[in-house]
Amino acid sequence: MTLATETTGTKASNEVVRGAFDLDWRDLIRTGAILAAGLVFLSLTGMPEGLDSRVLIDPFLSLGYVSLFWLPLIVGWSVANEKVLEGMAATRKSARDVVAGGVVGAVGGAGLSLLIALISTFDIRDPLVNWNESTQAFLSFQQGTSFGIVACIALCAGLGAFGASLHLMPRKVRRAVVSALLAVVAVAIFESFLVDVADPLSFLYSKTGGLIPLWAVMVGVAALAFTLLGGGDRIGKARSNYQTLTGPAKAKQDTILIVLSVLALIIIPMITGKITQELLANVGIFLLLALGLNIVVGLAGILDLGYVAFFAVGGYTTAVLTSPNRGPDWPEWFPTMPWWGAFLVTLLMAGLVGLFIGAPVIRMRGDYLAIVTLGFGEIIRILFLSDWLNGYFNGAQGITNIPPADFGLFEVKGTDPRSVFYLVLVFAAISIYVSWRLERSRLGRAWMAVREDESVAEAMGINTVNVKLMAFVVGAVLASFAGSVFSAKVGSIFPTSFLILVSIIILVIVIVGGMGNIVGIIVGSVVLVGILGGPKQPGLLAEFSEYKLLIYGALLIWMMLQRPEGLVPNARRSRELHQDEFLQDAWLKGKVDDADENGNGAENGDVAPGLAGGAS
Amino acid sequence: MSHLLEIDSLSVTFGGLHALKDLDFHVDEGEIVGVIGPNGAGKTTFFNMISGMVTPTSGDIRFEGESLVGFDPNQVTQRGIARTFQNVRLFANMTILENVMVSQHCRTKQGIWGSLLNTSGFRKEEQEIREHAEKVLGFFGSRLVGFRLEQPASVLSYANRRRLEIARAMATSPKLILLDEPVAGMNPKESVELTELIGKLRSEWGFTIVLIEHDMNVVRDVSDRVVCLDHGETLAQGSFEEVSNDPAVIEAYLGRPLEKKA
Amino acid sequence: MTTATRVKGAGRTNVDRFLTLLRVFLIGLIVIGLLAFIWQQIDPGNPFARWTHDGEAANRLTADQFQGLVVTGLSQGAMYGLIALGYSMVYGVLGFINFAHGEVFMVAAFTGFIMANKLDDAGYWEGGSFIPAVLFTVLICTLVATLTAVVMERVAYRPLRGSPRLIPLITSIGVSFFIQNAVILLFGPGAKSYPSNPDWLGEKRTFLQLEGTKILVIVVAAISMAGLWYFVERTKTGKAMRAVAEDKEIASLMGINVDRTIVTTFAVGGAMAGIAGILWGLLFRSVIATTGFLPGIKAFTAAVVGGVGNLGGAMAGGVSLGSAEALAPLVLLEPLGVDGVSQLRDAVAFTLLILVLLVKPTGLFGERLSSEDRA
Ligand SMILES: Nc1ncnc2c1ncn2[C@@H]1O[C@H](COP(=O)(O)OP(=O)(O)OP(=O)(O)O)[C@@H](O)[C@H]1O
Ligand SMILES: [Mg+2]
């Protein structure tokens, strides 16, 4: 320690150098123990072992190992990632950090080793389903326990040290290494998607699945070279250029971008196979839902946990109006109509239900509202399921035989996911337009004000009840789009499609993407529904289907703790969430205006604030 | 009976505490009335009551002959009473322009369809809202306009936040403005300037004003009439000189003179 | 002197009118349902009953059935009450709904399942050793639940102190989701059964012919509640808790360690949920990863019904909710001719929540919240 302080003075910059073994041992051991707990937990969930069958690089690496051993890598990185406070001296990155990463990794690995050893000695398979030989064999790389015990410690230590050593590399090298790693993993993981989009690419992969090692190296090298030659920089520069654009130049760029992406979206389904089309259709339906919820949660700040109710109402209304198989109790005169007619009625119905559910809850405190809407979501599902209304909605049997949506020129039906996707695309365009227009209108400003401070908004003449109801109704109508399309797509509809789970997943999409930001919502639905999958719909990584809910939960917690503004933040929203930091930054940059134009405030003392001029 | 605002034996209790007791009060059109009183006298509660944020236990509030009791705050604002807050409550993450634009909500009416179809009515109204906002902000000189328009309200200095609060109240196009300690936290120079502006609010914009203030210089300079509250009751009413020389008022502020203790 | 002169209809909006209608409708439904029930008890073949039951006579509820419903409601309600205490205390102190509190309860029920089975294998879950075995299980469950709640606070909620109030709520939804799915993955998705209770516990006893298990539930809940009341109202830690609930800043100025007090709050709430968990296991003898979800939400409902932050209210709210849930389907809905009423239990619970919030938003016994949460 003393050594560290002595060297400080000699350094020109404000960096402290500390010896390689001058470590904060207690912190390291603690972090290591947490890492160990995480690794053991992950192993016992059975996820890594379950994903082992998915090969990434043909004989060497499976998704299982990646899904477990990313943890020491990241923890190693973050151990060396010291937060430097303004005005404090930073510690100079050195071998010390690598040692720290290694130590933490080793402690974490020791946790796994302990697990391997314990599995052979104790049998507690009774409660813990994954406490078995195959987990043990997986953890010891199929090489026997003693090998496993040593290997786990060594591997985790190595990964931790490697993660930490990323800090030592020059920025450019670091980025190159990281992008090479990510590129290899991504190309391997998205095998089925890539082959589906471009069949010629299948030369990269071996017959049994997984990248061929040679090509894995090639992909890595290509990514490395691309980044080293400044490819990444150029992209970054283009992006920052775009972000600084204003006025007509930006409008022009925006138009070009929008036209390009619409073209891409029209063309992609034409060249891909059914699986990808199905995937895109699912992403689209959840995008519709998320856009609607975004208006309610992101713009108006109302946490609606029963959002699935409107999805259900949309689905059931369309089903009842189009299917010959609706319940027997509907009166004779009750019409059956083509899909587009039913769709219009559905919109009306969703709006009414939105009003009906919205009115009683809208005056409640925000958090009560969340629970009550959740209750409403359940009530609606229970009613659709109940014997009481069985004659209308067929209870658990659901309504089947819903005809495809017929548009004369083409039909939208489940067996043709491409048509569903195009229909969804149209609706998504409408929803995006609606969100975009409303956000920049009188109503949008009122929503913002209500979100910021409801009672002040009220005092400034905003009828908060009406304004919030409006958000509720708009959200409901957008959700019914999705419901309507969903029933035409699936062709049948059951109460189990509308669990609370759906509400929560839509909420996760909105939050992970970035509340109040349309681009964020799109990114969120593509990443989550596209890759992990929806509540029942498989995603690109079908292997994850068993584990995706756990991942959704973890993601929600992590996002709220680390990045509540989402992947693609809305500028205003992130200001709200980081108000203190924002103010501090603004202050450091001298942006906050103090009472500059006036003299010193100390004069205040001269005039007693009380009865200065009067009664005395 | 032609008072703009008339308050009849108004009372409110919080639990056992009588925040206001049998208060009678009135404001005529074009007046500036100062409300003073020691801390906790019930002045802010009085404003909360008028603006509909607190419901009185008994009594009546009439504005232009219409009873306001039972109205929601937005309905009160709609009828022409705007207010500022003692503990400045801006929409901190909205820009300065938006803060003022959003306050014109109750004076404008374009709904969902207008904005979705981008009708000419919608565009015209947006234009008007913006122009009105800039006009209101321009009232405070160059402090809140120009590059400031697009800055979030949270970066403003304390004094400017108070000014923005007043601008926001002005933007609701009220007849009566309630100012809760508008110069609190300002230095003398700033408060002199604001005092002048308060005068202009009446002379140029035609607002009637009720203002709560602890700074007696301000109260003396602008008020036509002063009311002193203590423990929720009116202690004295009249011109500034009358009220400030009233023994009851002096007692309320300074405590009971020593000799009476015996 | 004028008294409050709310001009008739002043300031009423369409939303107000709709809400009045809704209140009248819900209360009317209750009144008509009750009247129909009474009439049906007197004369099952009365015209109204015939009308609502497609021309047939209604079924009269026997005294035994009725008593059964009441006891079920009470024991269920006692558990809701115990869980509700945790919601109520955390809301009182931190001002947010810990959505994951139901999971604490579920974790305890799961622990109970593991313990009970292990003890059963060792032969302790019967005869004379049953009571000590149960006590030991209760102890372990309480400990595990406490630990879960404390870890939850440390990991997920403490870093969020002071952020906008919906943020911790959303986080707690994530926590709930995470714990549920972690339990599914760790212990398998199926329902787990407790070993059967010894016969003497299931027997109907005392002059009211109550089932032993239900008596046990009610008695244990009452004792825990009394203990909690003593802790909060009579001990120094309890006083600190109330002070923090009133105003964190001032409490810390008075030398109270706010962080520690908040941890204590979570711990105590967790312990109560732990006791509820093992009682649940003994009563229903089955637990599944989603066991915590509905009881959790209902317990929150109970807390709101009784008045959030009000501990006695939470217990009373739990008992009212449990009874309403058990009775309303047969006493209110069945006489009105609704089919399959037992499926509507959950709907009844949520409707009660909505009704209470519409009619008396501060709960039946009044809220006790800190000054900043009151607004
Ligand atoms: N919502 C409330 N609940 C309970 N008591 C309240 C509430 N609002 C105000 N009070 C109490 O009413 C009394 C009057 O408060 P008020 O804020 O009106 O005083 P004031 O005259 O504005 O004081 P100051 O000069 O400090 O602003 C105080 O004792 C205050 O504690
Ligand atoms: Mg005040």
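What are the residues in region B:35-90 that are of a type outside the set (A, V, I, L, M, F, W, C), within 16 Å of ligand 1 (Cβ to nearest atom) and not in a loop (DSSP other than H, G, I, E, B), if any?
Listed by number, the residues that qualify are B:Lys43, B:Thr44, B:Thr45, B:Asn48, B:Gly59, B:Pro73, B:Arg83.
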Within region C:332-360, the residues that are open to solvent by 20 Å² or more (accessible area, probe 1.4 Å), free of Cβ contacts under 8 Å to residues at least 60 places away in the same chain and either more than 7 Å from chain A (Cβ to nearest Cβ) or polar (S, T, N, Q) (or both) are C:Ser342, C:Gln343, C:Arg345, C:Val348, C:Leu352, C:Lys360
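The rows are residues; the columns are (1) of a type outside the set (Lys, Arg); (2) under 23 Å from B:Tyr158 (Cβ atoms).
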| residue | (1), (2) |
| --- | --- |
| B:Thr195 | yes, yes |
| B:Lys200 | no, yes |
| B:Glu204 | yes, no |
| B:Leu229 | yes, no |
| B:Leu235 | yes, no |
| B:Ser239 | yes, no |
| B:Asp246 | yes, no |
Tell me, please, whether a residue that is within 14 Å of chain A (Cβ to nearest Cβ), crowded, with 18+ Cβ neighbours inside 10 Å and more than 16 Å from ligand 2 (Cβ to nearest atom) can be found in region B:32-50. no
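Each row is one residue, and each column tells you yes or no for (1) touching a residue at least 40 places away in the same chain (Cβ under 8 Å); (2) within 24 Å of A:Val313 (Cβ to Cβ); (3) open to solvent by 10 Å² or more (accessible area, probe 1.4 Å).
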site	(1), (2), (3)
A:Ile493	yes, yes, no
A:Phe498	yes, yes, no
A:Ile509	yes, yes, no
A:Gly516	yes, no, no
A:Glu543	yes, no, yes
Flag if B:Ala153 is in contact (Cβ under 8 Å) with a residue 60 or more places away in the chain, open to solvent by less than 10 Å² (accessible area, probe 1.4 Å) and touching a helix residue (DSSP H, G or I) at 6+ places or on another chain (Cβ under 8 Å): yes
Tally of residues being in a strand (DSSP E or B) and more than 7 Å from ligand 1 (Cβ to nearest atom) across region B:13-34: 13
Select from region B:163-200 the residues that are more than 20 Å from B:Glu134 (Cα to Cα), within 11 Å of the chain's Cα centre (by Cα) and within 16 Å of ligand 2 (Cβ to nearest atom) and list them in ascending order. B:Leu178, B:Leu179, B:Asp180, B:Glu181, B:Pro182
So the helices (runs of 4 or more DSSP H) completely within region A:211-307 holding 2 or more residues that are touching a residue at least 12 places away in the same chain (Cβ under 8 Å) and within 30 Å of A:Ser431 (Cα to Cα) are A:247-271, A:274-293
Tell me which of these C:Ala273 doesn't satisfy, since it passes every other one: (1) away from chain A (no Cβ under 14 Å); (2) open to solvent by 30 Å² or more (accessible area, probe 1.4 Å). (2)
Looking only at region B:163-216, which residues are within 16 Å of ligand 1 (Cβ to nearest atom), assigned to a helix (DSSP H, G or I) and not acidic (Asp, Glu)? B:Met216
Under 7 Å by Cβ, and 6 or more places apart or on different chains, what pairs join a residue from region A:413-424 that is touching a residue at least 40 places away in the same chain (Cβ under 8 Å) with one that is of a type in the set (Lys, Arg)? A:Gly414/A:Lys489; A:Pro417/A:Lys274; A:Val420/A:Lys489
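Restricting to region B:138-162, give me the number of residues that are of a type in the set (D, E, K, R) and either within 16 Å of ligand 2 (Cβ to nearest atom) or in a loop (DSSP other than H, G, I, E, B) (or both).
Of the residues in region B:138-162, 2 are of a type in the set (D, E, K, R) and either within 16 Å of ligand 2 (Cβ to nearest atom) or in a loop (DSSP other than H, G, I, E, B) (or both).
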Taking the condition of being buried (at least 22 other Cβ atoms within 10 Å of the Cβ), more than 16 Å from ligand 2 (Cβ to nearest atom) and within 16 Å of the chain's Cα centre (by Cα), how many residues in region B:62-83 meet it? 6
State yes or no: is A:Val173 surrounded by 18 or more Cβ atoms within 10 Å (Cβ to Cβ) and at pLDDT below 90? no
Inspect region C:97-106 for any residue being closer than 30 Å to A:Tyr552 by Cα, of a type outside the set (Lys, Arg), open to solvent by 10 Å² or more (accessible area, probe 1.4 Å) and touching a Cys at 6+ places or on another chain (Cβ under 8 Å) and give the result as yes or no. no
Within region B:12-31, can you find the residues that are open to solvent by 40 Å² or more (accessible area, probe 1.4 Å), within 16 Å of ligand 2 (Cβ to nearest atom) and touching a Ser or Thr at 6+ places or on another chain (Cβ under 9 Å)? B:Phe14
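Here's the yes/no breakdown for (1) in a helix (DSSP H, G or I); (2) open to solvent by less than 30 Å² (accessible area, probe 1.4 Å); (3) more than 14 Å from chain C (Cβ to nearest Cβ):
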position: A:Ile124; (1), (2), (3): no, no, no
position: A:Thr135; (1), (2), (3): yes, yes, no
position: A:Phe138; (1), (2), (3): yes, yes, yes
position: A:Cys152; (1), (2), (3): yes, yes, yes
position: A:Gly158; (1), (2), (3): yes, no, yes
Only one of (1) surrounded by 20 or more Cβ atoms within 10 Å (Cβ to Cβ); (2) away from ligand 1 (no atom under 13 Å from the Cβ) fails for B:Arg107. Which number is that? (1)
Some residue of region C:59-70 being of a type in the set (Asp, Glu), farther than 27 Å from C:Ala303 by Cβ, part of a loop (DSSP other than H, G, I, E, B) and out of contact with any strand residue (DSSP E or B) (no Cβ under 6 Å at 6 or more places or on another chain): no
From A:Leu385, A:Leu389, residue being within 14 Å of chain C (Cβ to nearest Cβ), closer than 30 Å to C:Thr301 by Cβ and either touching a His at 6+ places or on another chain (Cβ under 8 Å) or surrounded by fewer than 19 Cβ atoms within 10 Å (Cβ to Cβ) (or both): A:Leu389
Within region A:124-152, how many residues turn out to be over 30 Å from C:Ile184 (Cβ atoms) and of a type outside the set (Gly, Ala, Ser)? 3
Quickly run through region B:133-145 and pick out the residues that are open to solvent by less than 50 Å² (accessible area, probe 1.4 Å) and more than 10 Å from every other protein chain (Cβ to nearest Cβ). B:Ala133, B:Val136, B:Leu137, B:Gly138, B:Phe139, B:Phe140, B:Leu144, B:Val145
Which condition does B:Val222 not pass, out of (1) away from ligand 1 (no atom under 13 Å from the Cβ); (2) in contact (Cβ under 8 Å) with a residue 60 or more places away in the chain; (3) surrounded by fewer than 22 Cβ atoms within 10 Å (Cβ to Cβ); (4) within 13 Å of another protein chain (Cβ to nearest Cβ), if it passes all the others? (3)
C:Leu216 being touching a Gly at 6+ places or on another chain (Cβ under 6 Å), in a helix (DSSP H, G or I) and more than 30 Å from A:Ile557 (Cβ to Cβ): no
Selection status of A:Ser435, assigned to a helix (DSSP H, G or I), of a type in the set (Ser, Thr, Tyr) and surrounded by 21 or more Cβ atoms within 10 Å (Cβ to Cβ): yes
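The values are calculated or read from the model by the stated rules, or taken from the named source; none is laboratory data. Note that the structure is a prediction, hence the values are computed from the model and not measured. Here the Cβ is made from the backbone with ideal geometry for all residues, glycine too, and neighbour counts use every protein chain on show. Ligands, DNA and RNA are excluded from the accessible area calculation, which covers all protein heavy atoms including side chains. Shrake-Rupley method; radii C 1.70, N 1.55, O 1.52, S 1.80 Å.
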